[in-house]
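Working notes for the structure below.
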Amino acid sequence: MSGRGFAVGPLVAAALWGGMYVVSKWGFETVPPLTLSFLRLAVGAATLLVVVRVASPSRSFSRREWGQFAGLGAMVALTIVSQFVGTDLTTASQGSLLTVLTPLFTLAFGVVAFGEAAGPRKLAGMGLAALGTLFVLAGQYDLTAIPAGNRTGLAFLLLASAGWAAYTVWGKPLVRRYSALETATYSTVFAVPMSAVLVPWELSTTGVDLSAVPVTPALVAAVLYLGVLSTAGAWYAWYKGLEFVDAGTVAVFFFAQPVVGAALGALLLDEPVGLGMVAGGAVMFAGIYLVSTGDAAA
């Protein structure tokens with residue numbers, strides 16, 4: 001993949017994640033968060049496993065490599081569980097705001113763990129992208145009310161940001177050695193049982209009877225969106241970028257997630273598009289351009 005073509009994958013992932021918070025919030029009305037996160041991972045893993053078995057049917061791994069996949073699976077399980085619990089306990093504004101921390105965690109982890117470069121151009125671009133995202137969020141939400149929100153939920157969302165950054169950075173060696181598809185697949189497969197152990201506890205403590213939950217077309221569509229699109233499709237697309245550039249460069253595209261979410265709200269829900277969103281989006285994409293053009297050939 002030449003030039004800036006690597007950006008396609010991360011941008012697709014950001015677009016798919018743009019609607020994830022809305023879909024998951026709606027899903028929590030009938031399915032509790034830990035159970036919904038398990039369903040998301042199970043559907044995503046099944047989808048990826050079918051594809052990888054067709055694409056690479058004879059691939060084998062060493063015990064050490066299976067251990068690395070399992071480690072990534074633990075990061076995935078931590079991220080998804082804490083993300084869904086945090087989203088359930090907080091507001092959309094809090095969840096969107098904390099997403100801007102994920103690229104910063106990723107950049108820091110990449111520098112510390114793998115010695116990735118963090119020169120002036122990358123730092124400036126990252127700062128511009130973060131600033132632009134904040135402008136967009138300020139146009140959507142009352143950010144002054146964020147500190148009054150649920151502290152536990154914010155802590156879970158912070159943990160989710162760090163977990164996804166770790167998944168991005170420590171997945172890079174396996175992505176480069178094998179492929180984005182295989183790394184996303186086997187890490188997700190390992191995450192399924194890790195998240196499954198929490199489901200019986202959640203159902204027993206909340207008193208939710210899954211057999212009594214109406215399986216409506218809307219609920220099925222929500223689970224499929226979360227599993228097939230925002231997990232299988234988005235995680236593969238995200239890792240695809242890592243086949244060509246550093247984790248810190250890929251991470252800057254995470255800033256597009258809340259911007260895409262706002263754009264989708266305007267397009268599909270007739271939400272107003274203010275000057276702050278337009279200006280913030282422009283600043284954010286300027287930052288992304290600065291980072292990606294500087295490191296696309298890395």
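Annotations for the structure displayed:
- Scoring 159-166, 249-256 by mean Cβ neighbours within 10 Å over their residues and listing the highest first yields 249-256, 159-166.
- Inter-label distance for Asp209 and Phe285, nm, one decimal - labels placed 7 Å from Cα along Cα-to-Cβ: 5.2
- Label positions at Val8 and Arg151, each projected 7 Å from the Cα along the C-beta direction, are separated by 4.8 nm.
- Local net charge near Gly71, Cβ-Cβ under 14 Å (Lys/Arg +1, Asp/Glu -1): +2
- Distance in nm between pseudo-label sites at Ser62 and Leu275 (7 Å out along the Cβ direction from Cα): 6.1
Read-outs: derived from the displayed coordinates by stated rules, not from any lab. In this text the structure is predicted, and so the values were computed from the model without any measurement. Note: ideal-geometry Cβ built from the backbone for every residue, glycine included; neighbour counts use all protein chains shown.
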